[in-house]
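Notes follow once the structure below has been shown.
Read-outs: derived from the displayed coordinates by stated rules, not from any lab. None of the values given here were measured: they were computed from a predicted structure. Positions of Cβ are generated from backbone atoms using ideal geometry, with glycine treated the same way; all protein chains shown enter the neighbour counts.
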Amino acid sequence: MTLPTGKIPIDILKEIVFRNLGATRSEIALGPSAGIDGAVINVGDVSLISSMDPITGAVDRIGWLAVNVNANDVATFGCEPKFLLSCIMLPEKSTRATVESITKQMGTAAEELGIAIVGGHCETTPRLKTPIVVCCAIGITEKNNYVTAAGAKQGDKLILTKSAGIEGTAILASDRQTQLRKALDKNVLKNAGQFQRRISIVKDALTAFRTGGVHAMHDPTEGGVAGAIHEMADASNLGVKILRKKIRVEPETAKICEFYQIDPLQLIASGSLLIAADPTTAEKIAETLRRNTIHAEIIGEFLPSPEKRLLIHENGKTKALARPKTDQLWQALKRSPTN
């Protein structure tokens, strides 16, 4: 079986990866689980929240993205990210300037978030075509004072911050600028490139968690908003009903997706946050986010049956919510940069 580009299928994750996890340790409060992007380790009266992610589909701003994407995963637990380790792998014939560019990006991003970079590794890797940066972010919270993506409850409202496809929009506007310049207005392309500034959800997550009533949070990455909704529902063993008209798609994202003929709901979406909230507090959370200049909408609710994953379109038609086989970014990047 040949694996698809991007995340490996969930069945392989469960049947192979999760069966090879080494020793059992009593300190582990939460280990590897489908749809949950971090681990919880109890140490005395505190819990350590850790998460690891690579950046593989981007070239420009790769260091900045690596810090923010990993910080996001820790923040979805309602925990402030504080420490970071990194592994930087560079193509052969990389230069001192490449190392400086990536590490400066990482240093700036970490400083903005109050994160200390405490270690890692950097190498030139044979046969590698583009840089890869893998990071592990760590946060500290009071013991058991956190939420996970598996905490959604039947009847919870689902809130989405910002918009769909944020990271994918930024990546394509940067890495396929020459190609898109032929089809998009220069101001649209310029605005799309600035979407990278929206990628952090640390403020979103901490604001929501501190408001109260949050049962679960998850940040859409590979597979976009649609994939993340499925991951959250999988982890919580629930179904979900989504109103398509409530999912914000910025004009720049819509134009880029139209050019590549891809679905914005399945485009890598770091920068937005999914929040499962008690129905009595959901509107308060959304309003608090808006007061903090973070766009937020209630886009649906969780259903009791895990088999029901519904997307209600603007015309009222109900269809199954698509489960992405691979992120739409890869489809766009496969298109020749010269066409």
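Applying the Karplus relation 6.51 cos²θ - 1.76 cosθ + 1.60 with θ = phi - 60° to the stretch 263-278 yields 3J(HN,Hα) values of 8, x, 6, 10, 9, 2, 10, 3, x, 9, 9, 9, 10, 8, 10, 3 Hz, where x marks Gly and Pro. Taking all Cα-Cα distances within the stretch 96-231, those exceeding 24 Å account for 49%. For residue 303, the residues whose amide H sits under 5 Å from its own are 155, 239, 240, 241, ignoring neighbours fewer than 5 places away on the same chain, with H placed 1.01 Å from N. Computed log10 I(q)/I(0) for the stretch 256-339 at 0.20 Å⁻¹: -1.14, from the Debye equation with unit scatterers placed on every C-alpha and solvent omitted.
Give me D for the stretch 179-218 in µm² s⁻¹, whole number, from Stokes-Einstein with Rh from the Kirkwood sum over alpha-carbon pairs, 37 °C and 0.692 mPa s.
257
Summarising the overall dimensions of the stretch 283-327 from its C-alpha atoms, the Rg and Dmax are 14.4, 36 angstrom. Of 228, 192, 183, the residue with the greatest mean-square motion in the GNM of the chain, using alpha carbon springs below 10 Å, is 183. Cross-linked pairs 203/246; 14/308; 203/334; 162/241: Cα-Cα separations exceed 25 Å for 203/334. This ranking places 94, 26, 163 by how few other beta-carbon atoms lie within 10 Å of each, fewest first, which gives 26, 94, 163. Paramagnetic label reach from residue 185 (point 7 Å along Cα→Cβ; backbone nitrogen cut-off under 14 Å): within the stretch 252-295, residues 252-256.
Phi-derived couplings, Karplus 6.51 cos²θ - 1.76 cosθ + 1.60 at θ = phi - 60°, listed residue by residue for the stretch 25-32: 10, 5, 6, 6, 8, 8, x, x Hz, with x used for Gly and Pro.
Using the Cα coordinates of the stretch 1-81, the gyration tensor eigenvalues translate into equivalent-ellipsoid semi-axes of 24, 21, 9 Å, sorted from longest to shortest. Could you tell me which GluC sites (Glu not before Pro) in the stretch 71-179 are loop residues by DSSP with no more than 14 other beta carbons within 10 angstrom of their beta carbon? Filter output for the stretch 71-179: 92. Entry note, the stretch 157-334: relative contact order of 39 percent, from Cα contacts under 8 Å with a spacing of 6+ residues.
Here the dipole of the chain is about 940 debye; that uses its Cα centre as origin and unit charges on the Cβ of Lys and Arg (positive) and Asp and Glu (negative). Residues 143, 157, 317, ranked from the fewest to the most other C-beta atoms within 10 Å, line up as 317, 143, 157. Rg over Rh for the stretch 10-142 works out to 1.01, both radii taken from alpha-carbon positions and Rh defined as the Kirkwood radius. If you run the Gaussian network model on the chain, springs between alpha carbon atoms under 10 Å, then out of 329, 273, 310 the most flexible one is 310. With all pairs of different C-alpha atoms in the average, the Kirkwood value for the hydrodynamic radius of the chain is 20.4 Å.
Most fluctuating residue of 326, 281, 95 in a GNM of the chain with Cα springs under 10 Å: which is it? Between 326, 281, 95, it is 95 that shows the largest mean-square fluctuation. Here the 3J(HN,Hα) profile of the stretch 3-10, calculated from phi with Karplus coefficients 6.51, -1.76 and 1.60 at θ = phi - 60°, is 7, x, 5, x, 4, 6, x, 4 Hz, Gly and Pro shown as x. With contacts taken as Cα pairs under 8 Å and at least 6 residues apart, the stretch 31-88 reaches a relative contact order of 24 percent.
Distance from the Cα centre of the stretch 216-235 to that of the stretch 67-121, in angstrom? First find each Cα centre; the distance between them is then 23 Å.
Among 136, 87, 79, the ranking by other beta carbons within 10 Å of each residue's beta carbon, starting with the fewest, stands as 87, 136, 79. In the chain, helical runs assigned H by DSSP with n ≥ 4 each contribute -39500 (n - 2.57); averaged across all residues and rounded to the nearest 500, the mean residue ellipticity at 222 nm is -9500 deg cm²/dmol.
Quick note on the stretch 157-334: its Rg to Rh ratio, both from C-alpha atoms and Rh being the Kirkwood radius, is 0.97.
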